[in-house]
Each structure stands twice: as structure tokens, then as C-alpha cells.
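Below: one structure, written as C-alpha cells.
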Amino acid sequence: MVATDLDGTLLRGDLTVSARSRAALARAADGGARHIVVTGRPASSCREFLVAMGYRGLAVCGQGAQLYDASADRLLDSAALDRDLARSVVEATERALGGARLELAVVTAAPANRFVVTPGFADRPRAGWGRAADRAALFAGPIEKVLMRHRELPDELVAAAAARAGGPRVSVTHSEKGMIEVLPAGVTKAAGLQRAAERLGFTPSETIAFGDMPNDIPLLTWAGYGVAMGNAHPDLRAIAHEVAPRNDEDGVAVVLERLFGAAPAGGPPGRAPGGDTGAGAGRPRAAVPPARSAP
């Protein structure tokens, strides 16, 4: 099983999957592997990327909160975050940071999964983002996660304060600069991939995983072999078995070509990437590199 993050990993800086990466994934599929996207994006946000690359089968979305069947465009399961708990964690985090005022956003509950921000959260709000007039409006309806940022304090400091404030009641992760995420307890990319792997009949020892940010630490730790991109956060590089070239240098493809061989001249096989929704018993397996100590 080949598990890849999207942003900063499989996607290049222009948010496309290169022809080389497509060919490497198709070659891996011919070798018996199943590609599983494991992303922080909710299904509603990653659907366009999956469609563009012809992806079929299961995908793990929303930092592990969602299991999505891309073939049927159907959300199989999702987790929601208690709004009162989310508010209390935000307030406790601000107290722990000496009264610092955090900028907030939420992702609303599935299936809509709208990204809603308060004034000041982003210098240039992206198209499609919703805007809340104040904090109270953020929590007017069910949510899947809350995001917090501070323009001067380091992300790692904010994340640590949020983790202490929430304790075992929530999961806290850091997915990109200025994006500290508070999620339902137990939600991680590893937990989501475990659910997908059980459906597909794969184990951690049969899995190679690729990522670039601290939210990928559980993913790479769960997998038998973890690969950090050359552009990865230092915390992820520290626990990876291998550091590949950067996402804009097709690092995922470089590693897969070593394992499965480069695509033959004339283009990649016609098979689309993605994980089947059925069990994986009896399929050929390509060996995952033996585990070794991180560099």
C-alpha cells in the first residue's frame, strides 16, 4: 500500500500531479500496490484533485476524520467536534499563551465541509471561503475541526498550548504554516489509514507512506516505511526512514521508481490510481523496504 499526503507531497506547488508521478503510481499498481490518498483536506476540498488524477476507491480525508469512496463520490464515515469543547480549548489555549488573541477558522461538519474564517485569519481569503462576523458565528452550527493561528507566536508553541489545554479530549495537529488544527479525540491520519487498510486487507508492514508536515508524523510512524519529502518540516524528517527529493522534484515518483521500476517508454499503463474498496487477500505484493533507523 502506497499512502501519500497531497499538499506538499504528491501535489506540486501548482497543485497538480506530474506526469512522472502518475506514471510511477500506475507502475506501482501494476506491481500489486494500492495507492491511498491520506490528506488533511476534507473530501469536499480534495475531490477535484482526485477527479483530475483519475483516482478511484478509498481516500482518507480531513486528517483521518473521514473515509471517502472516490469511485462513488460517497462519504463512508466522518467525525464531528463538540462545539462547546472547541470553544473551551480555544479559550484555555489563549490563557496559556498569556492572553494572546488567536485568529480562528472552522471546517463545518460533513458533507458540506465549508471553510469559514473570522476577520483577519488570512490576508487574502480564498475563493469559496465563508466569513463569520465574529467568533460566536463560527460555532453556530456543527463543525468538524477548529483552526487557530497567531501571527507572531511560533506555530509549535500554539500547538503545544492547545494540546495541553485539550488533553485527551481532542487531537491537535499542525498541518501547514499558521494552521493549528483541533480535531475530535483519536482523529489522526494513522487512525484513518488503519480503517482503510482493514477494508483493503493491508498491514502497516506492507505500507510505505509519504508526507511533509507534522500532521504526517502518525502516518509515517504507522507505516512500515516512512518517507519525508525534501521540503518536509524538520520534525517529520527526524522520524522518517528516508528523505526523498522535494514535491516539486517528484520525490514520490523517485522513490516509487526505485521500488517498482520506471514506466516503460511510450507512457504509463492505463490503470488509474486509487484503492479498491474490496479486500486485498490474494493480490500480489511488492515488498516495502526493510525498516531502519531514521537518519
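Quick notes on this structure:
- Using alpha-carbon coordinates, inclination of helix 83-96 to the longest axis of the chain, degrees: 70
- Sequence ranges 247-254, 8-15, 216-223, ranked by mean other-Cβ count within 10 angstrom, highest first: 216-223, 247-254, 8-15
- On Cα atoms only, tilt of 43-52 relative to the major axis of the chain in degrees: 30
- Sorted on the mean count of surrounding Cβ atoms within 10 Å across their residues, most packed first, peptides 31-39, 137-145 read 31-39, 137-145.
- Where labels lie 7 Å past Cα in the beta-carbon direction, separation of ARG101 and ALA19 in nm: 5.2
- Taking the C-alpha atoms only, the angle from helix 19-30 to the longest principal axis of the chain is near 60 degrees.
- Heavy-atom accessible surface of the chain, averaged per residue, reaches 42 Å², computed with a 1.4 Å probe.
- Label-point separation in nm, ARG258 to GLU152, each point 7 Å along Cα→Cβ: 4.4
- Amide N of region 79-115 lying under 12 Å from the label point, which is placed 7 angstrom from the Cα of ARG164 along Cα→Cβ: 93-99
- Within the accessible area of the chain (1.4 Å probe), percent carbon and sulfur: 52
- Alpha carbon centroid spacing (whole Å) that separates region 1-67 from region 186-204: 15
- Spin-label model, TRP129 to ARG87: label points 7 Å out along the Cα-to-beta-carbon direction sit 2.4 nm apart.
The values are calculated or read from the model by the stated rules, or taken from the named source; none is laboratory data. Because the structure is predicted, anything quoted here is derived from the model rather than measured. Counting neighbours? That spans all protein chains shown, and the Cβs are built from the backbone with ideal geometry, glycine included. The accessibility values were calculated without ligands, DNA or RNA, using every heavy atom of the protein model including side chains. Shrake-Rupley method; radii C 1.70, N 1.55, O 1.52, S 1.80 Å.
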